[in-house]
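Take a look at the structure set out below.
The values are calculated or read from the model by the stated rules, or taken from the named source; none is laboratory data. Given the structure is predicted, the values throughout are model-derived calculations rather than measurements. Counting neighbours? That spans all protein chains shown, and the Cβs are built from the backbone with ideal geometry, glycine included.
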Amino acid sequence: MALIGRRIIKNRRNMEMISCPLCGHVFYSTKQYTKHLNKSHLRKVPKDKRRRKKMLKGLLILKIKKENNIELEKYEKILELKSKLNNIKL
């Protein structure tokens, strides 16, 4: 998962910290930050691997259909809206 718009801040001791632009929480490691993003801000994205993989496969098909100007089906339009809400780009 890409780190969405993180801000790097230095404290008094010149240690680098990562600040979440969406809520302002501060983290010392990228692992903590990505865990926070997945739990707090990406709720609408499926959490288990199987469903996430299925969603990404659908997004790839959606991208191909858009490039070839093929009309989207109803579930593909919903998938497109979900990806826009969660800032998922291919």
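Output the number of the condition that Ile8 fails; it satisfies all remaining conditions of (1) in contact with a strand residue (DSSP E or B) (Cβ under 9 Å, 6 or more places away or on another chain); (2) modelled with pLDDT under 85; (3) surrounded by 10 or more Cβ atoms within 10 Å (Cβ to Cβ). Every condition holds for Ile8 apart from (3).
Residue-by-condition table, conditions (1) surrounded by 11 or more Cβ atoms within 10 Å (Cβ to Cβ); (2) modelled with pLDDT of 80 or more; (3) farther than 26 Å from Met17 by Cα:
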| position | (1), (2), (3) |
| --- | --- |
| Thr30 | yes, yes, no |
| His36 | yes, yes, no |
| Ser40 | yes, no, no |
| Val45 | yes, no, yes |
| Leu59 | yes, yes, yes |
| Lys63 | yes, yes, yes |
| Asn69 | no, yes, yes |
| Leu72 | yes, yes, yes |
| Ile88 | yes, no, no |
